[in-house]
Amino acid sequence: MDSDIAEILFTEEEIEQKNRELATQIDHDYSDRDIVAIGILRGCMFFMADLLRLLKVNLTMDVMVVSSYDETDTVSSGEIEIQKDFSIDVKNKDVLIVEDIVDTGLTLYHVKEHLKKRGAKSVKICTMLDKPSRRNLDVVSDYNGFVIPNEFVVGYGLGYANRYRNLKYIGILKPEIYQN
Ligand code: 5GP
């Protein structure tokens with residue numbers, strides 16, 4: 001698995017440190033209210049697990065499964081499909097979406113709208129990574145870990161063909177793996 005990685009961008013220690021910083025910020029901002037955390041699977045799984053366990057504020061949580069491209073593509077199809085919706089009540093609640101990466105913004109734009117339509121009082125976004133160079137829609141991550149260049153990355157939940165998700169670090173996948 002490691003031999004398919006061109007460059008490690010963030011080590012396990014750097015990710016841990018970043019999660020602590022994000023948790024401090026979120027605890028501060030939500031000190032007077034509870035959070036409904038909605039994770040977008042599958043990419044959020046490790047980030048969500050680590051981040052939420054660092055938070056001191058009261059929270060409830062649920063997940064959605066959303067896909068914006070085929071598992072063996074590295075670019076978005078331009079459409080999103082909700083494969084599994086959340087079932088928790090978000091009406092008049094303060095929702096925090098937890099997502100691995102904001103790229104074109106398509107996924108988070110639609111998920112945010114979806115939550116607003118379900119009556120959420122506020123919707124904020126927390127992402128581990130932001131790839132601003134590819135943004136098509138006006139989506140801002142309220143809490144973001146790292147800004148990255150326009151490279152296809154894997155690890156810490158992010159996969160290619162559903163592999164590499166369990167890498168402890170985040171790294172750039174060698175282009176020859178997907179350019180066949
Ligand atoms: P967006 O809808 O913002 O274009 O893309 C969001 C989704 O695309 C993310 O949830 C993630 O699954 C996927 N994605 C975007 N960039 C990357 C990347 O560099 N690596 C991986 N593995 N997935 C990515």
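Quick check: is even one residue across region 139-147 of a type outside the set (Lys, Arg), modelled with pLDDT under 95 and either more than 10 Å from the ligand (Cβ to nearest atom) or farther than 26 Å from Arg20 by Cα (or both)? Among the residues of region 139-147, not one is of a type outside the set (Lys, Arg), modelled with pLDDT under 95 and either more than 10 Å from the ligand (Cβ to nearest atom) or farther than 26 Å from Arg20 by Cα (or both), which makes the answer no. Given the criteria within 11 Å of the ligand (Cβ to nearest atom), assigned to a helix (DSSP H, G or I) and surrounded by 18 or more Cβ atoms within 10 Å (Cβ to Cβ), does Leu108 qualify? Taking the combined requirement at face value, the residue satisfies it. The condition (being more than 10 Å from the ligand (Cβ to nearest atom) and over 24 Å from Gly171 (Cβ atoms)) is satisfied by just one residue among Val65, Val98: Val65.
The set of residues in region 111-138 being within 10 Å of the ligand (Cβ to nearest atom), surrounded by fewer than 22 Cβ atoms within 10 Å (Cβ to Cβ) and either part of a loop (DSSP other than H, G, I, E, B) or at pLDDT 95 or above (or both) consists of Asp130, Lys131, Arg135, Asn136, Leu137. In this structure, Ser122 qualifies as over 16 Å from the mean Cα position of the chain (by Cα) and either farther than 16 Å from Asp50 by Cα or of a type in the set (Gly, Ala, Ser) (or both). Of the residues making up region 148-177, those that are more than 8 Å from the ligand (Cβ to nearest atom), of a type in the set (A, V, I, L, M) and outside any loop (DSSP other than H, G, I, E, B) are Ile170, Ile172, Ile177. If you go through region 31-48 and pick out every residue that is under 23 Å from His114 (Cα atoms) and either within 13 Å of the ligand (Cβ to nearest atom) or not in a strand (DSSP E or B) (or both), you end up with 11. The residue list Val95, Val90 contains one member that is surrounded by 15 or more Cβ atoms within 10 Å (Cβ to Cβ) and more than 16 Å from the chain's Cα centre (by Cα), which is Val90. Just a yes or no: is a residue in region 105-124 out of contact with any Lys or Arg (no Cβ under 7 Å at 6 or more places or on another chain) and within 17 Å of Phe46 (Cβ to Cβ)? For region 105-124, residues out of contact with any Lys or Arg (no Cβ under 7 Å at 6 or more places or on another chain) and within 17 Å of Phe46 (Cβ to Cβ): absent.
The values are calculated or read from the model by the stated rules, or taken from the named source; none is laboratory data. Fair warning: this is a prediction, and the values are worked out from it, not measured in the lab. FYI the Cβ positions are ideal-geometry reconstructions off the backbone, even for glycines, and counts take in every protein chain you see.
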